[in-house]
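Read through the structure below, which is laid out as structure tokens, and then see the notes.
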Amino acid sequence: MSAMTSAKETADAAPRVRRRRGAHPLARFLFRRILTAVLLAWGITLVTFVLTNLVPGDPVTANLGQRALGDPAIVAQWRAEHGLDKPLWEQYALHLGGLVQGDFGVSQQSHRPVAEDLAQFVPATLELAGAAIAVSLVLGVAFGVVAALRRDRLPDHVLRVLSLIGISVPTFWLALVAFYVFFYRLQITPGSGRVDPAIGEAPAVTGLQTVDALIAGRWDVFVSAVGHLITPALVLALYTIGLLTRFTRSAVLEVLGQDYVRAARAKGLPGRVILFRYVLRSALVPVITVAGLAFGSLLSGTVLVEAIFAWPGIGQYAYKSATTLDLPAVMGVGLVVGVVYLVINLIVDVLYGVIDPRVRLQ
Amino acid sequence: MKRDPLARKGLLGRLPEAWRQPLAVVGGVVAVAWLVVALAAPLLAPHDPLAQELPRLAPPGPGHWFGTDQLGRDILSRVLYGARVSIPLTLLLVVLSVLIGGLLGACAGYFGRWADETIMRVADLVFAFPTVILAMVVAAALGASLVNAVLAVLVVAWPAYARVTRGLVLGVREREFVLSGRLLGFSAWRSLRVDVLPNVTGPVLVLATLDIGTALLLLSGLSFLGLGAKPPSPEWGAMVAGGVEVFDSWWVATFPGLAILTVVLAFNFLGDTLRDALDPRTARAIKERAL
């Protein structure tokens, strides 16, 4: 369309206009996506703020003891200390201004800046969720492809039942069962936490225990950290494995029905070439999008899994701050998790746009 | 030619096909069994689910088949009564999500413009959060109770229906049978109800069937976190949380967890089969031979 517009303009201006408006659909696509993401991030700050302020739960009753509550002076002082005596829009403006400078406020429970708390807990969760999404992608895609290729035969039926079980198991219960069976009874997996306390943690560089151990050259710490990571990551991954298996299966089946695959088969190309060059290349594009969304369910799952495995991540922190109505901490968690999720889906969107040019035009 | 002939052949037309699937039959039987349990819990339960009169932490055996918990309550009775807590609330939750999300999605798709923009941007915002995190923040903000947990799940559940309904409505909005209805002078409401709705119900019902499992998982997850059912209530998620305290006595957490698993699995078996029976893309692929 822009090529048509530029064609109507004078001859020497046309190439310049074309380059700026028409030649970079990818740049325009990126700009649009990033703008949407920024708007959503702002929306997230608004939602977390409104939710934690326009609700019946009063942080004063949640944080002060009975005796202190009876004294209006102490209550008023506490409110003033936490900025709760100002009008709501002013509280929000202050909150937003602070956020821009990396100030998430002070946690009413830990009496530390929320940013500090988050910096401490986020890497542990990212390590757990990262391990889980890696496992899910490998197993989910492999299972999905097998199910599609063996459609309506035994492997398909078995994988269908297994993946449906995977998305039906309550994560918190599975975590408990896995902990009981593998650690308590069989004693083949290490217990809670991120590394064996007898070995000690590697000096923190990235906050990811496995990476830090490698940086420090501590092989024993690395082995211990991986050992501690396996069970919670697998428990967490089960749901997304099921999800990705089902989705990959239908994506592959859809591509198998396309004319160009039929043409490739008619040409007599070997099945392996058809599978990798023709089928997987296009079938996996939508799978990437689903994997991005699945990351959200992983982040959700960490809240339920971290409690059982005593994993010192953001899930446990979220739970503790939500139950004590620790407003700055709750807002911080909601914001950080929301933004992490947003960034991952932005990356996925962009990847999608880079891989599949049709997407950019929508 | 008011209606597309295909539009009439919705979910009901294809149901018998779905019922030939063993998974659907198993899922259906288990789901109905749980509904019966929910209705007949007082007749089936051997003990009062709240009475603390049995030996504490007795392992499963004759007299109390699922054992007893740390307060000397019969776990079998509590699991059976738990069906009365979780199943009606989950069904109510899904019905409300379908109604709210469906109505908003239909408005967004049918009217477009600002209605579309407003509704879908709010839906996008909800989607920007991982579900449990948002539900947890909402539940914590409203205060810990089962009703508030239901509201919290509702907040995160409706946008999925809004998106699906909007997409489906957009797909049929410009079709001849809808346009001719409008030309005959149908009001927007009548057009939506008579011409658009039959094309939307099938996929939305499949989504709802699959969503029953997700909703129950979320609801029991919130209770597990202490943001849902209050302690004496025989809610399955809260019972699993109680089992965490008495780790040694595996039966305390195992049986309520299995109850959640079987209910969720039953509805997922049903929903998955229904989806296969409905999804034209998959139906098309059936005809193609695999590699």
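What follows draws every value from the coordinates through simple rules; no lab data is involved. All figures in this text were calculated on a predicted structure; none of them were measured in a lab. Using ideal geometry, Cβ is built from the backbone for each residue, glycine included, and neighbour counts are taken over all protein chains shown.
Tell me the label-point distance for the pair A:F183, B:E117, using the 7 Å Cα-to-Cβ offset, in nm and rounded to one decimal.
Calculated label separation equals 5.2 nm.
Please state the charge dipole magnitude for region A:243-362, taken about the Cα centre, from unit charges on C-beta atoms (+1 on K and R, -1 on D and E), reported in debye and rounded to the nearest 20.
Around 760 debye, computed over region A:243-362.
What number, rounded to the nearest 500 deg cm²/dmol, is the helix-based mean residue ellipticity at 222 nm of chain B, given -39500 (n - 2.57) per DSSP H run of at least four residues and division by all its residues?
On the way: 13 runs with 214 residues, N = 291.
My calculation for chain B gives -24500 deg cm²/dmol from helical runs alone.
Per residue of A:291-299, what is the mean number of Cβ atoms on other protein chains within 10 angstrom of that residue's Cβ?
For this peptide, the per-residue mean of nearby foreign Cβ atoms is 2.
Who wins for biggest fluctuation among A:S321, A:S107, A:S168 in a Gaussian network model of chain A, springs between alpha carbons below 10 Å?
A:S168
On C-alpha positions alone, give me the angle between the axis of helix A:314-323 and the longest principal axis of chain A, in degrees, nearest 10.
It works out to around 50 degrees.
Given R₀ = 45 Å, what would the calculated FRET efficiency be for A:R153 paired with A:V50, taking r from the Cβ atoms and rounding to 0.05? Could the numbers behind the result be given before it?
Details: r = 52 Å, r/R0 = 1.17.
That pair, A:R153 with A:V50, gives E of 0.30.
Give, rounded to the nearest 20 debye, the magnitude of the charge dipole that region B:76-178 has about its Cα centre when Lys and Arg contribute +1 at Cβ and Asp and Glu contribute -1 at Cβ.
240
Once amide H atoms are placed 1.01 Å from N in the peptide plane, what residues at a sequence separation of 5 or more from B:L71, or on another chain, have their amide H within under 5 Å of its amide H?
Long-range HN contacts for B:L71: B:L57.
Considering every residue in A:171-180, what mean count of other chain Cβ atoms within 10 Å of its Cβ is obtained?
Across the residues of A:171-180, the mean count of other-chain Cβ atoms within 10 Å is 6.
Over all residues in B:123-129, what is the mean tally of Cβ atoms on other chains that come within 10 Å of each residue's Cβ?
Across B:123-129, the average partner-chain Cβ count within 10 Å equals 6.
Need the C-alpha centroid separation for region B:63-90 versus region B:180-233, integer Å.
Between the Cα centre of region B:63-90 and that of region B:180-233, the gap is 29 Å.
Report, by chain and number, residues whose modeled amide H sits under 5 Å from the one on A:V106, excluding near sequence neighbours (fewer than 5 apart, same chain).
It is A:V114, by chain and number.
Of A:T302, A:Y239, A:L269, which is farthest along the charge dipole of region A:219-302 in the positive direction, counting Lys and Arg as +1 and Asp and Glu as -1 at C-beta?
Final value for the positive-end residue is A:L269.
Taking θ as phi - 60°, what are the ³J(HN,Hα) couplings along region A:150-156 by the Karplus curve (6.51, -1.76, 1.60), each to the nearest whole Hz, with x for Gly and Pro?
9, 3, 6, 10, 3, x, 5
Over the Cα atoms of chain A, Rg to Rh with Kirkwood Rh, two decimal places?
Using Cα coordinates only, the ratio equals 1.06.
Pull up all non-local amide H partners of B:F66: gap of 5 or more, or a different chain, and H-to-H distance under 5 Å with H placed in the peptide plane.
Long-range HN contacts for B:F66: B:G61, B:I75, B:L76.
To test your reading of the geometry: what angle, between 0 and 90 degrees and rounded to tens, separates the Cα axis of helix B:146-173 from the longest principal axis of chain B?
20
Against the longest principal axis of chain B, how steep is helix B:236-245, in degrees 0 to 90 to the nearest 10, with axes from Cα atoms?
Rounded to the nearest ten degrees, it is 40.
Select from A:A142, A:Q77, A:V343 the residue farthest towards the positive end of the dipole of chain A; place +1 on Cβ of Lys and Arg, -1 on Cβ of Asp and Glu, and compute about the Cα centre.
Going by the charge dipole, the pick is A:A142.
For n ≥ 4 DSSP H runs only, could you compute -39500 (n - 2.57) per run for chain A, divide by its residues and tell me the 222 nm figure to the nearest 500?
Details: 17 runs with 257 residues, N = 362.
One gets -23500 deg cm²/dmol as the mean residue ellipticity at 222 nm.
Output needed for region A:89-208: three equivalent-ellipsoid semi-axes, defined as square roots of 5 times the C-alpha gyration tensor eigenvalues, in descending order, whole Å.
39, 23, 15
Just report the Cα centroid separation between region A:111-144 and region A:239-311, whole Å.
When both Cα centres are located, 21 Å separates them.
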